[in-house]
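Notes follow the structure.
Read-outs: derived from the displayed coordinates by stated rules, not from any lab. As the structure is a computational prediction, the values presented were derived from the model and not from experiment. Neighbour counts are summed over all protein chains in view; Cβ atoms, including those assigned to glycine, are modelled from backbone coordinates with ideal geometry.
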Amino acid sequence: MTNTNYDLRTRALHWTTALMVIFLWGGAHVIDWFPKGPLRVDARSVHIVVGGLLVALTAYRVYWRLTRGQKIPHAGSLAERTASVTHVALYVLIGCTLILGMANAWVRGDSLFGLVKIPYFGSYDAASRHALSEWIVGRHELGANLILILAAGHAVVGLFHHFVLRDDVLRRMVPQGRARSD
């Protein structure tokens with residue numbers, strides 16, 4: 001009998017990614033609540049560090065998915081092809097958004113917790129550096145919002161499968177301990 005659940009590591013990577021994306025999106029919206037100075041630097045530093053961790057997690061997740069993760073047989077229906085395109089779109093959006101975030105940290109020459117200074121990228125004057133940073137931030141925010149919209153749609157479809165179609169699509173990814181094939 002073929003196991004219809006993803007392996008434990010695939011599920012853990014999926015849910016850790018989801019939580020980190022939500023944390024980063026929410027955190028980005030509160031950074032400016034902090035007064036300018038060390039508290040805002042720390043808030044931005046947390047965002048940068050967690051973003052860096054998500055870079056590593058996403059790279060590992062892609063590696064795991066391509067090389068070792070549990071493969072579940074699919075019939076190739078339109079719904080399954082749409083799900084595959086959605087997953088690829090999420091990976092691409094996450095990758096692009098993370099790259100934009102790293103680029104912005106370099107353009108700004110951010111400080112990490114007041115301990116480490118990220119070197120400035122290029123030799124721009126202050127006005128040009130600010131304009132470039134604003135341009136990058138706009139695309140970074142757009143990417144983050146698109147990730148949340150696409151992920152919300154992904155979640156709604158999973159819930160639809162569970163509560164309306166009453167199939168096992170959602171159960172394949174729900175954290176439920178060790179699957180039999182782990």
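Compactness ratio of the range 19-64: Cα Rg over 2.2 N^0.38 Å, N = residue count?
Numbers: Rg = 12.3 Å, N = 46, 2.2 N^0.38 = 9.4 Å.
My calculation over the Cα atoms of the range 19-64 gives 1.31.
Going highest first, how would you order 41-53, 93-105, 144-156 by mean Cβ packing within 10 Å?
Working: 41-53: 17.4, 93-105: 19.5, 144-156: 14.6.
With the highest mean Cβ count within 10 Å placed first, the list reads 93-105, 41-53, 144-156.
Please give the calculated 222 nm ellipticity per residue for the chain, where each DSSP H segment of at least 4 residues contributes -39500 (n - 2.57) and the sum is spread over every residue; nearest 500 deg cm²/dmol?
Theoretical 222 nm ellipticity from helices: -23000 deg cm²/dmol.
Just to check, using Stokes-Einstein with a Kirkwood Rh over alpha carbon pairs, what's the diffusion coefficient of the range 1-103 at 4 °C and 1.567 mPa s in µm²/s?
Details: Rh = 15.6 Å.
Rounded, D is 83 µm²/s.
Rounded, prolate or oblate, given the Cα gyration tensor of the range 105-151, with a/c below 1.5 counting as rounded?
On the way: a/c = 3.81, a/b = 1.59, b/c = 2.39.
Here the range 105-151 falls in the oblate category.
Calculated FRET efficiency, residue 34 and residue 87, Cβ-Cβ r, R0 30 Å, to nearest 0.05? Can you show the working numbers first?
Details: r = 35 Å, r/R0 = 1.17.
Step by step, r from the Cβ atoms, then E = 0.30.
Which Cα, out of 123, 95, 105, lies furthest along the positive dipole direction of the chain (beta carbon charges, K/R +1, D/E -1)?
95
Provide Rg over Rh for the range 53-129; use the alpha carbon set for both Rg and the Kirkwood Rh (inverse mean inverse pair distance).
On the way: Rg = 18.5 Å, Rh = 15.5 Å.
That ratio equals 1.19.
With only Lys, Arg, Asp and Glu charged, each at its Cβ (+1 for the first two, -1 for the last two), find how big the charge dipole of the chain is about the Cα centre; round to the nearest 20 debye.
Working: 19 positive and 11 negative charges, 100 e Å.
Using only the charged Cβ atoms, the result is roughly 480 debye.
Binning at 5 angstrom from zero up to the longest distance, how are the C-alpha pair distances of the chain distributed in percent?
Distribution as computed: 1, 7, 13, 18, 17, 13, 10, 8, 6, 4, 2, 0, 0 percent.
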